[in-house]
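*Asks:* I'd like to ask some things about the structure below.
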Amino acid sequence: MINKKYISITLMFLLIMFSNFAHSQKNKYWVKFRDKANNEYSVDRPEEFLSSRSLERRSKQNINIVESDLPVTQLYIDSLLNLGVEILYTSKWFNSAVIKSTDSLLIDSLESFEFIVEKQKVYGTPVTKSAISKFQFSPYETTPVTISDYGFAREQIYLCNGQFLHDRGFCGQGLVIAVIDAGFYHVNLLPAFDSLWMNSRILGTRNFVDDDYEIYEAHPHGMYVLSIMGGNIPQQLVGTAPKASYWLLRSEDTSSEFLVEEDNWIAAAEFADSVGADIINSSLGYYVFDDPEMNHTYADMDGKTTRVSRGATMAASKGMLVVVSAGNEGNKPWHYLIAPSDAENVLGIGAVDSLNRKAIFSSFGPSADERIKPDITAMGVANAFQGITGEINRGNGTSFSSPVIAGLAACLWQSFPEQNSLTISKAIISSALNFSAPNTSIGHGTPDFALAYNYLKVMISYDQKGSASVYPNPFTDHLNIILQKEPNDNVTIEFFNSFGQLIKKESYDSMGSSVFITTLNNLTQLSSGNYILKITSGNNISINRIIKI
């Protein structure tokens, strides 16, 4: 994530921020409903509330339609409207609504109604404005990289070996990415997005912050992020998924910072689910607010406490690949990752520079329940993106590393369309440079999308019923292998390089033993890098990612 103020922010944007703040003076509240009784919808008729594309995604991944998919009971909505409150939106996942009212007595009385079980204030005029600089932009002066078809985006793509997928024609075609962000200033006018418009790849927009605020005149942060994925100006800026399709969803209110923005995010994620998005990219995160009583603690970063992290986990459970920024707090007192990057089954993305060194600002893990976080990293220092007048700028932040991964994940998924989101996520993590020795600084490190592609290619046809112990990993001159197997099964060991080429094969007789142990020696001739080790015993296949140093 990058932050709340950018270089060359004009008076126009300052006016936008002040007018937007003035527009929303009513307090906002989150209310949770008791149940979904008397609901007019049924899990047996999902076509009434989910798009065909959303249903297709679930069907391909064997995901059932359940009660959390049902819209909120209309009777409860009507009851609130009759009371005189304004309903901003509802959440089917949390069976709740966000409402707005100036009538404090009415709000105080809500929990006396039988159908409401919980109420929480999520927006109000702050007593003191916090010193949040969520979108602070750090310009980075650098010598331009060698111009190629990617232009100034070359390094951020090459660091992840993303060109491997593009060279094979996988540029995100057929995949839908929902971008949840702060605004998409002039996406309808700027040159990086011409090819998206010409090919009808901007599928639509939604604004979950306010009703009458034009998304293309809002904050430029989402436009910057979109350009890293969907931009396409050959020899200037080509994104990581220039042929994917995009929904542009505004959830971030840049004039203030309140808990309501987590609920905005959930509403956007639910919308993304309903229209059939495959991937969510969100370069946003939360831990401190303008009202200190709303602040999160590090203990809350366990993936189960904050509402936005639970929403991200729910989004992943619906078959979407959720990619989020880990945060820019690494050199600040907070230090740790922020929500929703702490969520389970969500890719939290840290930042490194073009030499794969951790960015000083990139947030540290682990999650509060000691899971490895961030999950992976990508280039987030001196990234190329489109500026507000169409120029190519460079900047820092995990806001910029997240879309690098999200776009390339779309390309990888395109190449294996029958795989589910968790398999794609696992392949990406398994390909990462630090996979065998993850830490709280960079997680599993920067992925290699050529290796992820070939990992999937090797394993895709096999039912992995067995697994092998392979060590040391990384290795230098030898590998030890221990395998449980059937006594009469022979063993075959195959080495594949990161291009999927078979470079070494060894076969062994069964020896009538249920335990196979061997040492592969004289491996110094192998080049340093990533390899896939395929071990076959009878009908069992074990796929292992190994590193030669």
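The values are calculated or read from the model by the stated rules, or taken from the named source; none is laboratory data. Computed from a predicted model, the values in this text were never measured in an experiment. Counting neighbours? That spans all protein chains shown, and the Cβs are built from the backbone with ideal geometry, glycine included.
*Asks:* When you scan the range 345-391, how many residues do you find that are of a type in the set (Lys, Arg), closer than 21 Å to Arg154 by Cα and touching a residue at least 24 places away in the same chain (Cβ under 8 Å)? Steps first, answer last, please.
*Replies:* Taking the range 345-391 first, the residues of a type in the set (Lys, Arg) are 357-358, 371, 373.
Those still in the list that are closer than 21 Å to Arg154 by Cα too: 357-358.
Filter again for touching a residue at least 24 places away in the same chain (Cβ under 8 Å), leaving 358.
Counting residues in the range 345-391 that are of a type in the set (Lys, Arg), closer than 21 Å to Arg154 by Cα and touching a residue at least 24 places away in the same chain (Cβ under 8 Å) gives 1.
*Asks:* Of all residues being part of a loop (DSSP other than H, G, I, E, B) and among the hydrophobic types (A, V, I, L, M, F, W, C) in the range 506-549, which is modelled with the lowest pLDDT? Just the residue, please.
*Replies:* If we filter the range 506-549 for residues that are part of a loop (DSSP other than H, G, I, E, B), which is where we start, we get 509-514, 521-528, 538-539, 549.
Next cut, among the hydrophobic types (A, V, I, L, M, F, W, C) only: 511, 523, 526, 549.
Numbers: Met511: 77, Leu523: 89, Leu526: 88, Ile549: 88.
The extreme case among them is Met511.
*Asks:* Here's something else I'd like to know. Would you check if there is a residue in the range 440-462 being part of a loop (DSSP other than H, G, I, E, B), within 30 Å of Ser363 (Cβ to Cβ) and among the aromatic types (Phe, Trp, Tyr)?
*Replies:* Filtering the range 440-462 down to residues part of a loop (DSSP other than H, G, I, E, B) leaves 440-442, 444-448, 460-462.
Subset that is within 30 Å of Ser363 (Cβ to Cβ): 440-442, 444-448.
Narrowing the set further to residues that are among the aromatic types (Phe, Trp, Tyr) leaves none.
No.
*Asks:* Going by the conditions given, is Val404 in a loop (DSSP other than H, G, I, E, B), surrounded by 24 or more Cβ atoms within 10 Å (Cβ to Cβ), at pLDDT 90 or above and at negative phi? Spell out how you get there, then give the answer.
*Replies:* Values: in a loop (DSSP other than H, G, I, E, B): no; surrounded by 24 or more Cβ atoms within 10 Å (Cβ to Cβ): yes; at pLDDT 90 or above: yes; at negative phi: yes.
Answer is no for this residue.
*Asks:* Still on this structure, please answer the following. Filter the range 225-248 down to residues that are closer than 23 Å to Leu412 by Cβ and in contact with an Asp or Glu (Cβ under 9 Å, 6 or more places away or on another chain) and give me whichever is surrounded by the fewest Cβ atoms within 10 Å (Cβ to Cβ).
*Replies:* Of the range 225-248, the ones closer than 23 Å to Leu412 by Cβ are 225-232, 234, 237-248.
Checking the rest, the ones that are also in contact with an Asp or Glu (Cβ under 9 Å, 6 or more places away or on another chain) come to 225-226, 232, 234, 238, 244, 248.
On the way: Val225: 29, Leu226: 28, Asn232: 21, Pro234: 12, Val238: 25, Ala244: 26, Leu248: 27.
Result: Pro234.
*Asks:* Just give me the residues in the range 201-215 being surrounded by fewer than 18 Cβ atoms within 10 Å (Cβ to Cβ) and touching a Ser or Thr at 6+ places or on another chain (Cβ under 8 Å), in sequence order.
*Replies:* Correct list: Leu203, Asp210.
*Asks:* Determine the pairs where a residue that is on the phi > 0 side of the Ramachandran plot and modelled with pLDDT under 95, located within the range 216-237, has a partner that is outside any helix (DSSP H, G or I) and of a type outside the set (Phe, Trp, Tyr) with Cβ atoms under 7 Å apart, the partner being 6 or more residues away or on another chain.
*Replies:* Note: pairs meeting the criteria are Gln235/Ile147; Gln235/Asp149; Gln235/Gly151.
*Asks:* Only one of Trp197, Trp247 is in the same structural domain as Arg394 (by TED's automatic domain parsing), free of Cβ contacts under 8 Å to residues at least 24 places away in the same chain and under 29 Å from Glu56 (Cα atoms); which? Talk me through it step by step, then tell me what you get.
*Replies:* Numbers: Trp247 fails: free of Cβ contacts under 8 Å to residues at least 24 places away in the same chain.
Matching residue, one of Trp197, Trp247: Trp197.
*Asks:* Restricting attention to the range 418-439, which residues are in a loop (DSSP other than H, G, I, E, B) and crowded, with 17+ Cβ neighbours inside 10 Å?
*Replies:* Initial filter on the range 418-439 (in a loop (DSSP other than H, G, I, E, B)): 418-420, 431-438.
Residues satisfying the conditions are Gln419, Asn420, Ser431, Ala432, Leu433, Asn434, Phe435, Ser436, Pro438.
*Asks:* Here's something else I'd like to know. How many of the residues in the range 510-549 are touching a strand residue (DSSP E or B) at 6+ places or on another chain (Cβ under 8 Å) and of a type outside the set (A, V, I, L, M)? Spell out how you get there, then give the answer.
*Replies:* Taking the range 510-549 as the starting set, the residues that turn out to be touching a strand residue (DSSP E or B) at 6+ places or on another chain (Cβ under 8 Å) are 510, 514-520, 523, 526-537, 541-549.
Then keep just the ones that are of a type outside the set (A, V, I, L, M); that gives 510, 514, 516, 518-519, 527-531, 534, 536-537, 542, 544-545, 548.
Looking only at that region, the number is 17.
*Asks:* Also, quick follow-up: In contact (Cβ under 8 Å) with a residue 24 or more places away in the chain, of a type in the set (S, T, N, Q), under 22 Å from Ala427 (Cα atoms) and in the same structural domain as Lys426 (by TED's automatic domain parsing): does that describe Ser317?
*Replies:* So Ser317 passes the test.
*Asks:* Condition (residue is under 30 Å from Ser421 (Cβ atoms) and out of contact with any Ser or Thr (no Cβ under 7 Å at 6 or more places or on another chain)) applied to the range 486-494: is it met by at least one residue? Quick ask: steps written out before the conclusion?
*Replies:* Step one: filter the range 486-494 for residues under 30 Å from Ser421 (Cβ atoms), giving 494.
Still in the running and out of contact with any Ser or Thr (no Cβ under 7 Å at 6 or more places or on another chain): 494.
The answer is yes, given that some residue of the range 486-494 is under 30 Å from Ser421 (Cβ atoms) and out of contact with any Ser or Thr (no Cβ under 7 Å at 6 or more places or on another chain).
*Asks:* Go through the range 265-307 residue by residue and tally those that are out of contact with any Gly (no Cβ under 9 Å at 6 or more places or on another chain), on the phi < 0 side of the Ramachandran plot, small (Gly, Ala, Ser) and assigned to a loop (DSSP other than H, G, I, E, B).
*Replies:* Here the count works out to 1.
*Asks:* Moving on to the next point. Please verify whether Phe94 is within 15 Å of Ala315 (Cα to Cα), at pLDDT 95 or above and not assigned by TED's automatic domain parsing to the domain that holds Ile280, treating the condition exactly as stated. Quick ask: steps written out before the conclusion?
*Replies:* Numbers: within 15 Å of Ala315 (Cα to Cα): yes; at pLDDT 95 or above: yes; not assigned by TED's automatic domain parsing to the domain that holds Ile280: yes.
Yes, satisfied.
*Asks:* Further question: Within the range 70-88, how many residues are of a type in the set (Ser, Thr, Tyr) and not in a loop (DSSP other than H, G, I, E, B)?
*Replies:* Narrowing the range 70-88 to residues of a type in the set (Ser, Thr, Tyr): 73, 76, 79.
Filter once more, keeping what is not in a loop (DSSP other than H, G, I, E, B): 76, 79.
Qualifying residue count, the range 70-88: 2.
*Asks:* Within the bounds of the range 40-52, is there any residue that is at pLDDT 95 or above and either over 22 Å from Ser317 (Cα atoms) or assigned by TED's automatic domain parsing to the domain that holds Arg250 (or both)?
*Replies:* Taking the range 40-52 as the starting set, the residues that turn out to be at pLDDT 95 or above are 40-52.
Those left that are additionally either over 22 Å from Ser317 (Cα atoms) or assigned by TED's automatic domain parsing to the domain that holds Arg250 (or both): 40.
Yes, the range 40-52 has at least one match.
*Asks:* Given the conditions (1) among the charged types (D, E, K, R); (2) surrounded by 15 or more Cβ atoms within 10 Å (Cβ to Cβ); (3) in contact with a Leu (Cβ under 6 Å, 6 or more places away or on another chain), which single one is not true for Asp477?
*Replies:* Here Asp477 clears every test but (2).
*Asks:* So is Pro472 surrounded by fewer than 21 Cβ atoms within 10 Å (Cβ to Cβ), outside the structural domain of Gly276 (by TED's automatic domain parsing), farther than 30 Å from Gly174 by Cα and in contact with a Leu (Cβ under 9 Å, 6 or more places away or on another chain) or not? Full working, then the answer.
*Replies:* Details: surrounded by fewer than 21 Cβ atoms within 10 Å (Cβ to Cβ): yes; outside the structural domain of Gly276 (by TED's automatic domain parsing): yes; farther than 30 Å from Gly174 by Cα: yes; in contact with a Leu (Cβ under 9 Å, 6 or more places away or on another chain): yes.
Yes; evaluated as a whole, the condition is true for this residue.
*Asks:* In the range 328-351, what residues are under 17 Å from the mean Cα position of the chain (by Cα) and among the hydrophobic types (A, V, I, L, M, F, W, C)?
*Replies:* So the first thing to find is which residues in the range 328-351 are under 17 Å from the mean Cα position of the chain (by Cα), and the list is 328, 337-351.
Result: Leu337, Ile338, Ala339, Ala343, Val346, Leu347, Ile349, Ala351.
*Asks:* Return yes when Asp194 is at pLDDT 95 or above, over 20 Å from Ser415 (Cβ atoms) and touching a Gly at 6+ places or on another chain (Cβ under 8 Å) and no when it is not. Give the steps one after another, and end with the answer.
*Replies:* Details: at pLDDT 95 or above: yes; over 20 Å from Ser415 (Cβ atoms): yes; touching a Gly at 6+ places or on another chain (Cβ under 8 Å): no.
In short, no.
*Asks:* Lys119 - would you say it is basic (Lys, Arg) and in contact with a Leu (Cβ under 6 Å, 6 or more places away or on another chain)?
*Replies:* Values: basic (Lys, Arg): yes; in contact with a Leu (Cβ under 6 Å, 6 or more places away or on another chain): yes.
Taking the combined requirement at face value, the residue satisfies it.
*Asks:* Within the range 216-242, track down each residue that is assigned to a helix (DSSP H, G or I) and touching a Ser or Thr at 6+ places or on another chain (Cβ under 9 Å). Outline the logic, then answer.
*Replies:* Residues of the range 216-242 that are assigned to a helix (DSSP H, G or I), as a first pass: 216-217, 221-230.
Within the range 216-242, Tyr216, His221, Gly222, Tyr224, Val225, Ile228, Met229, Gly230 meet the criteria.
*Asks:* Further question: Quick check, is Ile372 over 26 Å from Asn161 (Cβ atoms) and in contact with a strand residue (DSSP E or B) (Cβ under 8 Å, 6 or more places away or on another chain)? Outline the logic, then answer.
*Replies:* Numbers: over 26 Å from Asn161 (Cβ atoms): no; in contact with a strand residue (DSSP E or B) (Cβ under 8 Å, 6 or more places away or on another chain): yes.
Considered against the rule, which asks whether it is over 26 Å from Asn161 (Cβ atoms) and in contact with a strand residue (DSSP E or B) (Cβ under 8 Å, 6 or more places away or on another chain), Ile372 comes out as no.
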